[in-house]
1. Counting Lys and Arg as +1 and Asp and Glu as -1, what is the net charge of the other residues whose Cβ lies under 13 Å from the Cβ of ARG40?
2. Counting only protein heavy atoms, what percent of the accessible surface of the chain is carbon or sulfur at a 1.4 Å probe?
3. Give me the 1.4 Å probe accessible area per residue for the chain, excluding ligands and nucleic acids, in Å².
4. Each label point is 7 Å from the Cα along the Cα-to-Cβ direction; what then is the distance between the points at ARG40 and ARG102, in nm?
5. Tilt of helix 6-15 relative to the longest C-alpha principal axis of the chain, in degrees (0 to 90, nearest 10)?
6. Treat every Asp and Glu Cβ in the stretch 46-104 as -1 and every Lys and Arg Cβ as +1, leave all other atoms uncharged, and give the resulting dipole magnitude about the Cα centre to the nearest 20 debye.
7. Quick one: angle between helix 37-55 and the longest Cα principal axis of the chain, in degrees between 0 and 90, rounded to 10, please.
8. Is the C-alpha gyration tensor of the chain telling us rounded, prolate or oblate? Criteria: a/c under 1.5 is rounded; beyond that, a/b larger than b/c is prolate, otherwise oblate.
Amino acid sequence: MNLPDFDVLLAIHREDPEALERFRRHLLREAVDSAPLQHRDSLEELLRRIEEARSEARDPVDAAAIAFRMMRDSVDRLQASWDEALHAVSGMQARVLIERMRAA
């Protein structure tokens with residue numbers, strides 16, 4: 001779906017903020033529903049957590065800050081997992097090389 005340009009979205013927000021909220025929810029629902037089946041459960045959970053966090057926000061800026069923190073935390077966890085995987089692979093490679101050198 002093509003998004004309206006920023007000025008149109010801003011006008012909708014000013015004239016009917018609830019319409020913009022419905023549009024936002026529609027886009028998110030559409031994204032989840034069009035995702036591959038194997039990802040939908042995790043996307044539903046993510047959407048639930050996002051909506052829960054947004055409901056606790058004081059204002060739109062706070063909601064954006066909360067979303068940013070959630071994304072940053074997710075990226076941090078992904079980076080930590082990647083680092084662990086690299087460490088494990090390098091350890092396996094070192095063991096294989098040592099065994100080959102001993103066998104030679």
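1. Values: positive: ARG29, ARG48; negative: GLU30, ASP33, ASP41, GLU44, GLU45.
Value of the local net charge: -3.
2. Working: 5280 of 8750 Å².
Of all accessible area on the chain, carbon and sulfur atoms account for 60 percent.
3. Values: 8750 Å² over 104 residues.
Accessible surface, normalised per residue, equals 84 Å².
4. 5.2 nm
5. In the chain, helix 6-15 runs at an angle near 50 degrees to the longest axis.
6. On the way: 10 positive and 10 negative charges, 70 e Å.
For the stretch 46-104, the charge dipole is close to 340 debye.
7. Once rounded, one gets 60 degrees.
8. Details: a/c = 3.60, a/b = 2.82, b/c = 1.28.
The shape class here is prolate.
The values are calculated or read from the model by the stated rules, or taken from the named source; none is laboratory data. The structure displayed is predicted, hence computed values, not measured ones. Reconstructed Cβ throughout: ideal geometry from the backbone, glycine too, with neighbour counts over all protein chains shown. Surface areas here come from the heavy atoms of the whole protein model, side chains and all, with no ligands, DNA or RNA. Shrake-Rupley method; radii C 1.70, N 1.55, O 1.52, S 1.80 Å.
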